Amino acid sequence: MASDQQSQEARVLHVLSFDVEEHFQVSAFWSDARRQQWDRLESRVEQNTLRLSDLLAYAETKATFFVLGWVAERHPGLIKALAKQGHEIASHGYGHELVSNQTESEFRDDVRRSKCILEELTGKMVFGYRAPSFSITDRTPWALPILVEEGYLYDSSIYARFQPSKKVGMQTCAQEIMTTAGPIFEIALPTANLCGIQLPTPGGGYFRLLPYSASRMFLRQFEKTGTQFVMYLHPWEIDPDQPRMEGSVISKLRHYLNLERTEQRLQYLLRDFAFAPVADAIQPIRDMCQARVQGGAAPCAVFG
């Protein structure tokens, strides 16, 4: 019994996050025509996200929910419920526009609008941001300074897939970046180093593509080095009955593969590993968030 307790205490506290968006908003199926249909398509985000919150409650686990402002406007009760349950609410932007497709002014308006919507609903400060499809890249050097200026303390948008290992955040979960507007922490998505190239590890589509045994192996490897793993999923990934959309063969394969297995795999993941929201799991971010609140910072009152 004592050894079991020590094993539990020695577990690495990983980060669990969900990008809250509708099944029809994913970039793989993006088109201007479909964007005009969003309000007429079947909404499934609330039922799927509530299902996730039930799974988390059963496992006594909290997570970070990166929420689209567009979704929050249409499902305010969902966002309030997540916050009341103790989950961290963070921003996924407003309209799921790729950062690389926006101007600096459009990006600023997008992240400001989303932050204010979420803060007005929850009455709490929003400190984190994740770009749609991890679209902060070398083409958008202005993005991180804008996030700092708009009051964000951390970003989780840089995913160095198939990139040289010198890219940001591969050795540690969190890395402080000094921008022209001040510091911001980058919460990097995990990759594995193979001959100097960073390869994706389970999360999102890779969690569905690979067997659960592979995901468990990757996380065990992270734990052996004491490194935190950043896990991300979407509510639509536990919904095998969602309406099918037209798109390329590759897009349909990536989006619909193994949807019927994701929920059970998530249950295994919650059983085998310990998770928490970004603002709780990562010490420097937790300290900064607490300092910001104690310093008298208030949520956005009005979005103009």
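Annotations
- The stretch 229-249 - residue that is among the β-branched types (Val, Ile, Thr) and in contact (Cβ under 8 Å) with a residue 24 or more places away in the chain and, of those, surrounded by the most Cβ atoms within 10 Å (Cβ to Cβ): Val230
- Residue check for Tyr159: closer than 28 Å to Leu13 by Cα, touching a helix residue (DSSP H, G or I) at 6+ places or on another chain (Cβ under 7 Å) and at pLDDT below 95: yes
- Those residues of the stretch 34-58 which are within 24 Å of Gly128 (Cα to Cα) and either among the β-branched types (Val, Ile, Thr) or more than 19 Å from the chain's Cα centre (by Cα) (or both), in sequence order: Val45, Thr49
- Helices (runs of 4 or more DSSP H) within the stretch 19-135 that include 2 or more residues crowded, with 20+ Cβ neighbours inside 10 Å and of a type outside the set (D, E, K, R): 45-58, 69-74, 76-84, 104-122
- Just one residue in the set Gly226, Gly203 is crowded, with 16+ Cβ neighbours inside 10 Å and either at pLDDT 90 or above or assigned to a loop (DSSP other than H, G, I, E, B) (or both); that residue is Gly203.
- Considering the stretch 261-273, the residues that are more than 17 Å from the chain's Cα centre (by Cα) and not acidic (Asp, Glu) include one that is farthest from Leu56 (Cα to Cα), namely Arg261.
- Long-range neighbours under 8 Å by Cβ, at least six apart or interchain, first residue touching a residue at least 40 places away in the same chain (Cβ under 8 Å) within the stretch 38-62, second small (Gly, Ala, Ser) and loosely packed, with under 15 Cβ neighbours inside 10 Å: Lys62/Gly86
- Test for Thr172: is it at pLDDT below 90 and within 27 Å of Ser251 (Cα to Cα): no
- The requirement of being modelled with pLDDT under 95, within 26 Å of Pro183 (Cβ to Cβ), among the hydroxyl-bearing types (Ser, Thr, Tyr) and in contact with a Ser or Thr (Cβ under 8 Å, 6 or more places away or on another chain) is not satisfied by Ser114.
- Here Val278 meets each of (1) of a type in the set (Val, Ile, Thr); (2) modelled with pLDDT of 95 or more; (3) surrounded by fewer than 18 Cβ atoms within 10 Å (Cβ to Cβ) with one exception, condition (3).
- Test set (1) modelled with pLDDT of 90 or more; (2) among the charged types (D, E, K, R); (3) surrounded by 13 or more Cβ atoms within 10 Å (Cβ to Cβ) - Arg254 fails condition number: (1)
- Among the conditions (1) in contact with a Ser or Thr (Cβ under 9 Å, 6 or more places away or on another chain); (2) at pLDDT 85 or above; (3) surrounded by fewer than 19 Cβ atoms within 10 Å (Cβ to Cβ), Asn193 misses just one, which is (2).
- Flag if Ile285 is part of a helix (DSSP H, G or I) and in contact with a Gly (Cβ under 9 Å, 6 or more places away or on another chain): yes
The values are calculated or read from the model by the stated rules, or taken from the named source; none is laboratory data. Keep in mind that this is a model prediction, so the values were computed, not measured. Here the Cβ is made from the backbone with ideal geometry for all residues, glycine too, and neighbour counts use every protein chain on show.
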